[in-house]
Amino acid sequence: MRQRSSTKWRKYPAEILPLFVAETDFPLAPAITARLTEAVALGDTGYTPPDPGVRDAYVAFAQRRFGSEIDPARVRTTCDVMMGVVEILRAVIAPGDRVVVTPPVYPPFYDTVPEAGGVVERVPLRPTGDGWELDLDGIEAAFADGARAILLCNPHNPTGTVHARGSLAALAEIALRHGARVISDEIHAPLTQPDAVFTPFLDASAAAGEIGFAVTSASKAFNLAGLKCALMVTAGAGSAAVVASLPDEVEWRTGLFGAMAAVAAFDEASDPWLDGLLATLDGNRRLLAELLEAHVPGARYRIPDAGYLAWVDLSALGWGDNPAVKILREAKVALHFGPHFGQEGNGHVRVNIGCAPEVLREAVRRIGALVG
Ligand SMILES: Cc1ncc(COP(=O)(O)O)c(C=O)c1O
């Protein structure tokens with residue numbers, strides 16, 4: 001792994017075990033390796049053509065994996081998910097408008113909203129005892145008070161929550177009533193485990209299709225973050241018109257290698273690889289529960305419904321608001337800092353379980369050695 005040059009493997013010195021940034025350690029899906037190898041051999045490294053095939057590949061993928069019916073004409077590509085989010089947001093809000101985010105949440109959301117001219121309004125997820133859910137009353141109050149949009153994370157990073165269809169439909173109703181827009185970041189959706197049901201926001205109800213935008217990519221499931229290709233998907237005519245009105249540059253920034261890799265990833269030929277990955281991650285998400293119980297008593301962790309990010313509450317250990325600092329310094333394991341996800345993340349760490357089980361075992365063993 002240390003031969004890789006990505007940020008996961010180069011940010012910290014070699015004695016640090018990296019389980020922080022959302023990259024995975026697995027070999028690429030064979031169809032992706034074949035496509036990129038062919039392109040490198042050809043020197044096929046120019047600009048992305050107008051229709052590199054990503055839309056049709058994604059429409060078929062979403063049909064197979066989520067039962068979605070997407071009109072290919074309502075799919076546009078861009079460089080990455082956060083660029084899609086920021087450009088859609090910029091188009092639907094006016095400078096100074098408030099935009100709801102639901103902490104604890106993916107830290108770049110706090111920068112993306114101001115980048116689009118907005119102001120972050122925090123409506124934390126509500127703990128249910130057995131997980132988390134959207135605080136629909138809080139979101140409605142924010143909309144009633146003038147917030148113009150919500151940046152949803154579904155499945156949610158860092159808790160791994162897959163929001164229920166009913167909750168998404170209720171959110172759509174509320175947004176419609178108050179003239180607000182929903183931008184749904186669905187980057188982790190391909191990694192939903194078979195025991196959960198992912199509902200694309202646009203499919204939650206007719207209203208959701210009208211007022212919603214989805215932004216997604218193959219980059220988390222297939223580890224393609226450096227290649228730069230994401231998709232902006234709409235259903236309703238109004239939302240589609242917003243995406244169609246974005247500057248051509250937004251689409252020009254799609255990376256050619258990203259587009260090639262996305263086509264290969266979304267192809268049916270890659271489904272067995274993706275199913276294999278889900279089985280590996282299922283093993284790891286359960287293994288982490290066992291390891292924490294054995295080595296880090298007091299840690300609280302709910303097995304995520306989707307993705308390879310685990311949200312662990314270490315506040316009972318008395319390691320302060322940001323336990324990842326002590327863990328980095330003393331256990332030589334790099335985790336994501338809980339407080340960066342919002343104040344609800346105090347006392348928490350985010351663990352990347354997209355690695356070999358041996359790596360996870362070693363990381364938790366090192367952390368466990370600090371206990372007691
Ligand atoms: C919820 C979420 N959105 C977006 C991203 C980043 O996506 P991109 O690199 O396509 O901007 C991540 C990366 O981990 C993420 O977890």
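The table below lists the values:
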{"read-out": "Probe 1.4 Å - accessible area at residue 260, Å² to nearest ten", "value": "10 Å²"}
{"read-out": "Nitroxide proxy distance, nm - points 7 Å out along Cα→Cβ at residue 73 and residue 371", "value": "5.8 nm"}
{"read-out": "Length released on extending from residue 195 to residue 237, taking residue separation times 0.36 nm less the Cα-Cα span", "value": "11.8 nm"}
{"read-out": "Contour minus Cα-Cα distance for residue 362 and residue 343 (0.36 nm per residue)", "value": "4.0 nm"}
{"read-out": "Contact order normalised by residue count of the range 30-269, Cα under 8 Å, 6+ apart, percent", "value": "28 percent"}
{"read-out": "Spatially close lysines, pair count over the chain: Cα under 24 Å, gap of eight or more or interchain", "value": "9"}
{"read-out": "Label-to-label distance, nm, for residues given as residue 325 and residue 248 (7 Å Cα→Cβ offset)", "value": "5.0 nm"}
{"read-out": "Pairwise centroid distance, computed over Cα atoms, of the range 206-237 with the range 1-50, Å", "value": "21 Å"}
{"read-out": "Solvent-accessible surface (1.4 angstrom probe) belonging to residue 115, in square angstrom, nearest 10", "value": "110 Å²"}
{"read-out": "Fluctuation leader among 230, 264, 279 - the chain, Gaussian network, Cα springs under 10 angstrom", "value": "279"}
{"read-out": "Most mobile listed residue (283, 347, 318) in the chain, GNM with C-alpha springs under 10 Å", "value": "318"}
{"read-out": "Largest to smallest accessible area among 360, 256 [probe 1.4 Å]", "value": "256, 360"}
{"read-out": "Tensor-based shape of the chain (alpha-carbon gyration tensor, a/c under 1.5 rounded, otherwise prolate or oblate)", "value": "oblate"}
{"read-out": "Residue 112 - accessible surface, heavy atoms, 1.4 Å probe, Å² rounded to 10", "value": "10 Å²"}
{"read-out": "Within the accessible area of the chain (1.4 Å probe), percent carbon and sulfur", "value": "54 percent"}
{"read-out": "Residue with peak Gaussian network fluctuation, the chain [Cα springs, cutoff 10 Å], from 147, 334, 39", "value": "39"}
{"read-out": "Dipole magnitude (debye, nearest 20) for the chain, charges at Cβ of Lys, Arg, Asp, Glu", "value": "1000 debye"}
{"read-out": "DSSP-defined beta bridges in the chain - what % are antiparallel, rounded to 5", "value": "55 percent"}
{"read-out": "Gain on full stretching of the segment that runs from residue 16 to residue 206 - 0.36 nm per residue minus C-alpha separation", "value": "63.5 nm"}
{"read-out": "Heavy-atom accessible area per residue - the chain, 1.4 Å, Å²", "value": "39 Å²"}
{"read-out": "Residue 26-residue 145 pseudo-label distance in nm [points 7 Å out on the Cα-to-Cβ vector]", "value": "4.2 nm"}
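The values are calculated or read from the model by the stated rules, or taken from the named source; none is laboratory data. This one's a predicted model, so the numbers in the text were calculated from it and none came from an experiment. Backbone-built Cβ (ideal geometry, glycine too); neighbour counts: all protein chains shown. Side chains included, ligands, DNA and RNA excluded: accessible areas come from the protein's heavy atoms. Shrake-Rupley method; radii C 1.70, N 1.55, O 1.52, S 1.80 Å.
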